[in-house]
Amino acid sequence: MPTNCTFCGSDSPDGAPRCQVCGRPPPDPDFPNVLYASMPEEQEGLRRRYEEALDDADSRSVRDAVNLLEGATAGGYLVTACDLEKIDQLTERPNTPFPIYLRDVESEVRFPGSDRNNQERIPAERATSPGYANRISYAALTLCDEGLPHYGNYLLFWKLEMVDHRTTLFESNCLTYRQKNGIPLDLEDLVPGLRCTWDQRAMLVVAKYSRDIERSTTADQFQSVIMRIGSSGDDDEFIEAHIWGPLSRGSIDRVVRTRRDLALDPTDSEEQEYVDMKAERVLRKLTRTGIPVVVK
């Protein structure tokens with residue numbers, strides 16, 4: 001019979017080692033990604049980058065604006081962009097897990113795509129999260145109801161109380177960071193200071209983006225500083241979040257649909273009508289579960 005999580009109260013299947021909503025067993029575990037980011041060399045590398053960024057801000061007389069950016073980051077969110085199919089899966093049962101790409105590939109639930117990025121992301125993810133990459137779900141740091149449109153029309157905003165304790169942040173997309181900097185895909189020993197715990201997110205933001213802040217930069221421009229949408233997903237620049245462990249619809253705070261789903265042939269009115277009806281049905285099911293849905 002189902003058991004209740006001692007932290008969030010959600011039902012989990014009998015015998016499940018962790019809550020499918022907040023990822024906790026009793027007592028709270030040591031999450032491997034959090035342990036990694038908390039290693040002394042990682043902490044020292046982050047502190048050094050942060051202090052160098054503040055010194056640079058002082059030299060350019062933009063410290064006040066950088067302080068505002070640091071403060072704004074304290075109110076950040078975690079968002080994952082996905083397609084309608086993943087949303088549909090989450091509406092089936094309360095404990096249906098949000099799919100993890102690497103885990104699905106390893107269990108042959110799906111096969112990796114033949115394009116370069118799908119082939120290279122597997123060694124890059126394993127090297128970035130050594131020994132636990134198949135337990136990581138990916139998100140991005142955002143300051144508002146915006147996400148990465150190249151990854152899907154639907155934005156899942158995760159409940160921070162269900163994920164912040166098991167979330168770490170990384171400098172950028174862990175694959176494109178390696179590709180752009182000529183770093184071997186399977187190299188585990190990256191420069192320390194590229195990752196942090198959720199509570200240290202403002203330090204990583206300042207370390208990475210303070211040099212992009214000018215005297216004229218205003219608070220309403222901060223979102224476009226920390227999340228830059230490129231012409232393709234490869235060109236996006238953002239801070240990547242690594243959430244360890246299970247996620248399900250109980251982990252979701254809200255869903256935002258950013259644009260209409262299009263049929264494979266947009267000129268086929270019957271096919272487009274079918275796509276519209278499917279999206280309406282899925283979002284209606286999601287709303288009935290109590291999750292707020294915003295359609296833009």
For residues that are more than 17 Å from the chain's Cα centre (by Cα) and either exposed (fewer than 15 other Cβ atoms within 10 Å of the Cβ) or assigned to a strand (DSSP E or B) (or both), tally how many sit in the range 69-95.
4
Selection over the range 209-259 where residues are surrounded by 21 or more Cβ atoms within 10 Å (Cβ to Cβ), polar (S, T, N, Q) and more than 30 Å from PRO32 (Cα to Cα) yields a count of 0
Restricted to the range 30-56 and to residues being of a type in the set (Asp, Glu) and over 24 Å from ARG135 (Cβ atoms), the residue surrounded by the most Cβ atoms within 10 Å (Cβ to Cβ) is ASP56
Candidates ARG257, ARG281 - the one that is farther than 17 Å from ASN95 by Cβ and under 19 Å from the mean Cα position of the chain (by Cα)
ARG257
Mind checking whether some residue in the range 143-157 is of a type outside the set (Val, Ile, Thr) and over 19 Å from the mean Cα position of the chain (by Cα)?
no
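Every number here is computed from the coordinates shown, using simple stated rules; none is lab data. Owing to the predicted nature of the structure, the values given are computational and were not obtained by experimental measurement. Every residue, glycine as well, gets a Cβ built from its backbone with ideal geometry; the counts of neighbours run over all protein chains shown.
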